Structures are given as C-alpha cells and as structure tokens.
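> One structure, pasted below without further comment.
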Amino acid sequence: MIPAPFDYVAPSTVDDAVRALAEAGEDAKIIAGGQSLLPVLRMRLAAPTSLIDLNRIPELRGVRDDGDALVIGSMTTHYDVQRDPLIAEHAALLAKATDTVADPQVRHRGTFGGSIAHADPAGDLLAPALALDTEMVVAGPDGRRTVPAADFFEDFFTTALRPDEILVEVRVPKHTGWHAHYEKFNRVAQAWSMVAVAATVRTDGGTIAEARVGLTNMSSVPVRARAVEEALVGRPATAESIRAAAEHAAEGTNPTVDGNADVEYRQHLARVLTGRAIQAAMAG
Ligand SMILES: Cc1cc2nc3c(=O)[nH]c(=O)nc-3n(C[C@H](O)[C@H](O)[C@H](O)COP(=O)(O)OP(=O)(O)OC[C@H]3O[C@@H](n4cnc5c(N)ncnc54)[C@H](O)[C@@H]3O)c2cc1C
C-alpha cells in the first residue's frame, strides 16, 4: 500500500531537527532507518502529518570513546555497530546481539537509536542496553537530558521520549574484558526473538566477579534478571553454578502469550537460554 500524504523535512543539525519537530506538532514523526516505520506507514497504521528525516545529520552517526563510556550516535546503523572496533573491545554484548538482528539489508538501513526508540519488546538491542546500564541522551526544545535505560523503556513500544524529543546518542559504560553472549531463540532464521538472553560476565581467577543479564520479550519491556546475577556473583565459573543460577531466570517476568508461545513455555525458554548464554559467554 501507499502511505497517506505527509510533509517531509530533512534537517542537517540536531537543533534544526528539534525545531522542525516542534513546528510540525504532535502528529509528526521522526524517521531513522525506516525499517520499522515504513511498513507501519504503508499499512496506514499510522498517518503522521510530517516526517522529520534524521539521515542528513552527520553528528548523529558513529561511535566515540568518552573515557569510561562509549557514545553511540543514534543514527549509527546496525552494520556499523557490528564492525566497530571500540564496541568489539568495550561492549562486545552489543555487537553479539546486533549480529542476530534481521538480515544484511535491514542491518544496513536500520539504526541503533531507531531500535531503542521503537521499543519493540522482541527487539534484540533493548535487553543488552539494559544489562549494560546504558543511558539515553535525548534532545528537546528545553535542551538535552539523560535517561537511564532502566527508566527509558516504559511499556510496549513506549519510552520516556516525549513527542517533541529526539534520541541523540546512547552512552555505554565500558565493559572491557568482560565475556559476552546473546542467545536468541526464534521460530525461523532472521526473525524477531521469541525469547533471548543477553549475558555479560567478568571473571577473576576462576570466580565470577560481576554479572549482568537482560531478557528479551519476557515482559512489555526488557527485564534485568537480577536473581540470576546475584546467584552468579562470587561463585566458581563452573557449569554447575551456571545451571543453578539460570534456574532463577523467570523470576519476576511477565511474558505475553501469542501464537508462538504461552507464559510457561517462555519462562522455560528463559531458564534454558540463560544457562546457554552464560556458558557461551564464558567459552568465548
Ligand atoms: C524484515 C525485518 C526484520 C527485522 N528483524 C529484527 C530482529 O530480528 N531484531 C530486531 O531487533 N529488529 C529487527 N527488525 C527491526 C530493525 O532492527 C529496525 O531497524 C529497528 O526496529 C528500527 O530502526 P530504524 O532505524 O529502521 O527506525 P525507524 O523505522 O525509522 O523508526 C522506528 C521508530 O522509532 C522512532 N525513532 C527512530 N529514531 C529515532 C530517534 N533518533 N529519536 C526519536 N525517535 C526515533 C520513529 O519515529 C519510529 O517511531 C527487523 C526489521 C525488518 C524490516
């Protein structure tokens, strides 16, 4: 189908984009890679009066080193995240999760910030963003503010972004030397996650010193598996400790029921995939 008519603006700075968004009013929409928005427009499930295109704003692209953190511009494509040496070194969990997103075409157009702003509970970058304690930097008419990932995802496809705000960049605390793995379970290759687990672990000798685990599609928002993390820390990095900790993975989750899986099956998957994710992280 063909989308409903809309005005189109392609600013070249963040300030101009914020201004354009304010001028266009509440029925305007940001477009990034268009991989999630365009299908919605074509099916006329949304009919924004204006589209503000971020593709011509150079300052929104790329990854930079900022001391204790990496800063990822919201318009950095999945493809560029996958290949970035800073991300590979300091936030391997993000690269591993991005490897599982869709297919090469989608990864060349789709953006890191677009995925975060879209907030699909089955999206693969939300749980890693939560597990890594990232912060979202957003720009609006009153300037910039920073929202921790734990407060950013509010509900299905709903974030703390206000209608007049743009996600500018994501700050990722460095996790240098941490083991990482993203274990995704989907019905067919290149599909969204039925359930997935983002795990990253720091070891000290043979002991697990720190652990961060995030769950994809186990609630309307990404979930931090705190009970698993607590069960891992201070334990020897053995298959037995990992198996015991993974048993806690479904605690506090509230997954939806759909044609793919009911609650019990998703909770079973969370436990199994958590064990696999941590094992694979340690082996990597
Ligand atoms: C065939 C297919 C398979 C896919 N499979 C997967 C998968 O397996 N895993 C996965 O995680 N994703 C998957 N995706 C989604 C893909 O990752 C998209 O790239 C992503 O969801 C949206 O990114 P985008 O840059 O295309 O955003 P767009 O589609 O342009 O925008 C999405 C939404 O976010 C808003 N938005 C975008 N950027 C900003 C910003 N900077 N500030 C404020 N609001 C913003 C838009 O207004 C819109 O509401 C798939 C997509 C397709 C088409």
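The values are calculated or read from the model by the stated rules, or taken from the named source; none is laboratory data. No experiment lies behind these values; they were computed from the predicted model shown. Cβ sites come from the backbone with ideal geometry, for glycine too, and all protein chains shown count toward neighbours. These area figures cover heavy atoms from the full protein model, side chains too; ligands, DNA and RNA do not enter into them. Shrake-Rupley method; radii C 1.70, N 1.55, O 1.52, S 1.80 Å.
> Once you list every other residue whose beta carbon is under 9 Å from the beta carbon of Val221, what net charge do they have if Lys and Arg are +1 and Asp and Glu are -1?
Surrounding charge for Val221 is -2.
> Rolling a 1.4 Å sphere over the protein heavy atoms, what is the accessible area per residue of the stretch 181-283, to the nearest Å²?
That works out to 45 Å² per residue.
> Enter the accessible area per residue of the stretch 61-173 (Å², integer; probe 1.4 Å; all protein chains in place).
39
> Using +1 on the beta carbon of Lys and Arg, -1 on that of Asp and Glu, and nothing else charged, what's the dipole of the chain about the Cα centre, debye to 20?
So the dipole magnitude of the chain works out to roughly 700 debye.
> Helix 14-24 against the longest principal axis of the chain: what's the angle in degrees, Cα atoms only, rounded to the nearest 10?
Helix 14-24 sits at roughly 60 degrees to that axis.
> I would also like to ask the following. Within straight cross-link reach of Lys96, meaning Cα distance under 21 Å, which lysines are found once same-chain residues fewer than 8 apart are removed?
Lys174, Lys184
> Moving on. Compare the peptides 158-171, 23-36, 256-269, 217-230 by average per-residue count of other Cβ atoms within 10 angstrom and give them in order, highest first.
So the order, starting with the most tightly packed, is 217-230, 158-171, 23-36, 256-269.
> Give the dimensionless ratio obtained when the Cα radius of gyration of the stretch 1-152 is divided by 2.2 N^0.38 Å.
Compared with the compact-globule rule of thumb, the stretch 1-152 sits at 1.05.
> Relative contact order, percent, of the chain when contacts are C-alpha pairs under 8 Å separated by at least 6 residues?
15
> Label the stretch 105-144 by shape, choosing from rounded, prolate and oblate, from the square roots a ≥ b ≥ c of the eigenvalues of the Cα gyration tensor; if a/c is under 1.5 it is rounded, and otherwise prolate applies when a/b is larger than b/c, oblate when it is not.
Because a/c hits 1.5 or more and a/b fails to exceed b/c, the stretch 105-144 counts as oblate.
> How many percent of all Cα-Cα pairs in the chain sit more than 23 Å apart?
The calculated P(r) of the chain puts 53 percent of pairs beyond 23 Å.
> Which whole-number value in Å³ per residue fits the convex hull of the alpha carbons of the stretch 7-53?
So the per-residue hull volume is 63 Å³.
> Hey, another quick one. Over the stretch 7-53, with every protein chain in place, what whole percent of the accessible area is carbon and sulfur at 1.4 Å, could you tell me?
Looking at the stretch 7-53 in its full context, I get 49 percent from C and S.
> Next question. Round to a whole number: what % of the accessible area of the stretch 61-173 belongs to carbon and sulfur, probe 1.4 Å?
C and S atoms contribute 47 percent here.
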